[in-house]
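Below: one structure, written as structure tokens.
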Amino acid sequence: MAFWRPRHPVNDSDLSAYVDGALEGAARARVDVHVDACAACREALAGLREVRRALGALPRARAPRSFALREADVRPAPRPAMTPPGRAPALLGGLAAAAFLAFGVLVGVDLTAGTSPTHQQTAGPLSFEAARGDATQGEQPPVADATTLAAAAPTSLGIAAATPEPDAGAAPKEDVFTGGDETAPSANGAEDGRSGLRVAEGALAGVALVAGASLLLVRRRRRA
Amino acid sequence: MDAPPDEAHLLERSRQGDLAAFNEIVAAYQDRLYNLCLRMLGSAQAAEDACQEAFLSAYRGIAAMRGSRLKSWLFRIAANACVDELRRRRRQPQVSLEAPVPGAEEERPLDVADAAAGPEQLALRGELWQALQAELLRLPDDQRLAVILCDVEELSYEEIAVSMSTSVGTVKSRISRGRARLRLALQGRPELFGDLVRLTERNPG
């Protein structure tokens with residue numbers, strides 16, 4: 001934990017940068033002058049240097065084995081773009097998208113006639129671009145827009161899903177620790193007994209779910 | 001560890017799908033990436049898995065990779081693989097991050113130091129390394145990563161910023177906070193550091 005000393009002209013971040021030789025000119029001079037006069041900061045500086053030196057002296061591990069890839073580990077050649085999906089995934093994707101859109105329309109009708117005047121649709125997955133290779137998303141492989149749409153639909157609309165995919169929409173360039181885009185949950189209108197509409201919504205959501213899941217399965221099988 | 005002299009050529013060949021060329025890049029960077037994963041995750045097995053995953057990702061993405069800052073790019077992939085593993089661990093509540101991680105003490109073939117060091121010094125040094133690794137694992141992930149990239153792998157602030165997909169200012173802040181925490185945590189054991197000066201004078205970094 002950093003401790004900020006209000007009367008001091010230099011703080012921990014300055015001292016840390018100073019240790020790295022990253023301060024120049026006036027900033028560095030300020031630290032030089034202050035450290036000369038301040039025992040506490042001198043001590044802090046010495047402590048930082050000690051930590052840095054200790055870390056640098058940690059024994060360096062060598063790789064326990066060769067991590068060279070075999071042909072069997074990889075596809076024949078790295079591709080600059082996603083492979084053309086083929087017909088089945090396109091159909092499934094289209095079905096999922098159409099079902100989702102129709103669902104959205106019904107929900108919109110539902111809500112504008114109902115209690116809550118505003119709702120937000122998810123924006124995140126729609127802006128997700130094909131993953132570059134430098135984004136390892138753990139268990140989620142790079143997916144096309146239609147799939148993230150379908151996969152995100154049950155989560156964003158509050159339907160019980162098996163596992164939410166919170167990271168599916170994060171763009172690779174986002175800071176891995178704070179980044180991730182805003183996926184605003186859409187608010188469902190309160191139950192007010194329009195059961196026919198509900199059934200239609202449920203059916204469309206189901207279709208979107210099934211189509212999305214099938215699309216994922218098809219893609220996974222193709223990657224095998 | 002330096003980049004291979006013909007790295008640009010290997011990179012170009014790799015982009016065209018030449019696996020042998022890519023494997024030369026692997027050979028050049030695997031020690032460093034493995035070391036990063038080991039320090040980040042505290043487990044030899046986890047480090048091995050993360051490292052394997054990182055190189056697979058790298059091969060798949062190398063054709064789309066822009067520019068020629070291969071080192072930072074590779075470190076970013078390895079860092080992401082570590083973060084993924086840390087997230088996976090958090091989703092399994094029975095795995096405690098505070099518990100001593102098997103393999104944390106287990107150092108793979110090391111560039112071990114000074115043959116002339118006596119047994120007492122070696123024991124003390126071993127204690128310091130263990131204490132340091134244990135405290136590293138207690139840091140928040142972002143601070144741990146920043147500190148390792150800076151003080152263990154000796155990347156520049158700019159390279160670290162690329163590897164963490166963030167700004168230099170954020171990098172500085174994370175390094176600063178991480179070091180301050182480590183210092184605070186180890187303050188109670190001055191005897192560990194007392195020997196360090198002598199040790200590091202004999203084996204510089």
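The values are calculated or read from the model by the stated rules, or taken from the named source; none is laboratory data. None of the values given here were measured: they were computed from a predicted structure. All Cβ positions, even for glycine, are placed from backbone atoms using ideal geometry, and neighbour counts span all protein chains on display. SASA here: full protein model, heavy atoms, side chains in, ligands and nucleic acids out. Shrake-Rupley method; radii C 1.70, N 1.55, O 1.52, S 1.80 Å.
Could you list, in sequence order, the residues of region B:139-159 that are surrounded by fewer than 20 Cβ atoms within 10 Å (Cβ to Cβ) and either in contact with a helix residue (DSSP H, G or I) (Cβ under 7 Å, 6 or more places away or on another chain) or facing another protein chain (nearest Cβ under 7 Å) (or both)? Walk me through how you get there before you give the answer.
Our first condition is that a residue be surrounded by fewer than 20 Cβ atoms within 10 Å (Cβ to Cβ); within region B:139-159, this holds for B:140-141, B:154, B:156-158.
Answer for region B:139-159, where residues must be surrounded by fewer than 20 Cβ atoms within 10 Å (Cβ to Cβ) and either in contact with a helix residue (DSSP H, G or I) (Cβ under 7 Å, 6 or more places away or on another chain) or facing another protein chain (nearest Cβ under 7 Å) (or both): B:Asp141, B:Tyr157, B:Glu158.
Can you name the helices (runs of 4 or more DSSP H) wholly within region A:34-143 that have at least 1 residues being modelled with pLDDT under 80?
Answer list for region A:34-143: A:87-112, A:124-127.
What are the residues in region B:77-91 that are farther than 18 Å from B:Ala146 by Cβ and open to solvent by 40 Å² or more (accessible area, probe 1.4 Å), if any?
Start the filter on region B:77-91 by keeping residues that are farther than 18 Å from B:Ala146 by Cβ, which leaves B:88-91.
B:Arg88, B:Arg90, B:Arg91, listed by residue number.
Looking at (1) more than 7 Å from every other protein chain (Cβ to nearest Cβ); (2) over 16 Å from A:Pro59 (Cβ atoms), which is the only condition B:Cys37 fails?
Among (1) more than 7 Å from every other protein chain (Cβ to nearest Cβ); (2) over 16 Å from A:Pro59 (Cβ atoms), B:Cys37 violates only (2).
Condition check: assigned to a helix (DSSP H, G or I) and more than 12 Å from the chain's Cα centre (by Cα). Does B:Asn23 satisfy that?
Spelling it out, B:Asn23 is indeed assigned to a helix (DSSP H, G or I) and more than 12 Å from the chain's Cα centre (by Cα).
Does any residue in region B:167-191 that is free of Cβ contacts under 8 Å to residues at least 24 places away in the same chain come within less than 8 Å, Cβ to Cβ, of a residue that is hydroxyl-bearing (Ser, Thr, Tyr) and crowded, with 20+ Cβ neighbours inside 10 Å six or more places away or on a different chain, and which pairs are these?
B:Lys172/A:Ser16; B:Ser176/A:Ser16; B:Ala180/A:Ser16
Can A:Val51 be described as facing chain B (nearest Cβ under 10 Å), among the β-branched types (Val, Ile, Thr) and without any contact (Cβ under 8 Å) to a residue 12 or more places away in the chain?
Yes: the conditions hold for A:Val51.
List the pairs whose first member sits in region B:2-31 and is more than 8 Å from chain A (Cβ to nearest Cβ) and open to solvent by less than 80 Å² (accessible area, probe 1.4 Å), whose second member is modelled with pLDDT under 95 and not in a helix (DSSP H, G or I), and whose Cβ atoms are under 6 Å apart, counting only residues at least 6 apart or on separate chains?
Between residues of region B:2-31 that are more than 8 Å from chain A (Cβ to nearest Cβ) and open to solvent by less than 80 Å² (accessible area, probe 1.4 Å) and residues that are modelled with pLDDT under 95 and not in a helix (DSSP H, G or I), the close pairs are B:Ala28/B:Pro4.
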